[in-house]
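For reference, the structure discussed in these notes is given below.
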């Protein structure tokens, strides 16, 4: 799954860097399909799944972990923004998955504000889907700020893709 990540991210970078109008905004985040513990919306974009008891899917939990390892320094805790960088939980309401991935991987400059490229940072690049679904869940109020109390077990497909992307044997 993540082996096709580079192609998808390159497409996102091209879409964002082209200077054309923004692509369609993200659609309804409702999960309509699950493949190996990863959830997708009707457009085929990664999304979250939160059970009635508040248990989040593994990818949302992973996104929480990666966000707070790489993103919160600039973008604030729980995607809330800071005086330095915008609130990403609001940005994902405007940016679809391809745009989000393109900005994270390729970087972006908006006036004096600069988002550095994270293409070489495996702790971000290998987890683009996870970051997106975590921020999507926050943006809709599906999860509360803070560490999710309950999570699904880590899918074997996640462990395999993670090892491959991170260059582990």
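Observations
- Taking each DSSP H run with n ≥ 4 as -39500 (n - 2.57) and averaging over every residue of the chain yields -11000 deg cm²/dmol at 222 nm.
- Fewest-first ranking of 139, 82, using other Cβ atoms within 10 Å as the exposure measure: 82, 139
- Contour excess over end-to-end distance, with Cα ends at residue 113 and residue 30 and 0.36 nm allotted per residue: 26.7 nm
- Packing-based exposure ordering (other Cβ within 10 Å, fewest first) of 104, 50: 50, 104
- Based on Cα atoms of segment 80-169, Rg over Rh with Rh as the Kirkwood radius reads 0.99.
- Using the Cβ-Cβ distance between residue 164 and residue 83 with R0 set to 30 Å, the FRET efficiency from 1/(1 + (r/R0)^6) comes to roughly 0.20.
- Here each label is just a point 7 Å from Cα along the line to Cβ, and for residue 122 and residue 156 those points are 2.3 nm apart.
- Among 166, 115, sorting on how many other beta-carbon atoms sit within 10 Å of each Cβ, with the fewest leading, yields 166, 115.
- Gyration tensor (alpha-carbon) shape descriptor, segment 107-148, a/c threshold 1.5: oblate
Since every read-out is calculated from the coordinates, none of them should be taken as a lab result. Fair warning: this is a prediction, and the values are worked out from it, not measured in the lab. Counting neighbours? That spans all protein chains shown, and the Cβs are built from the backbone with ideal geometry, glycine included.
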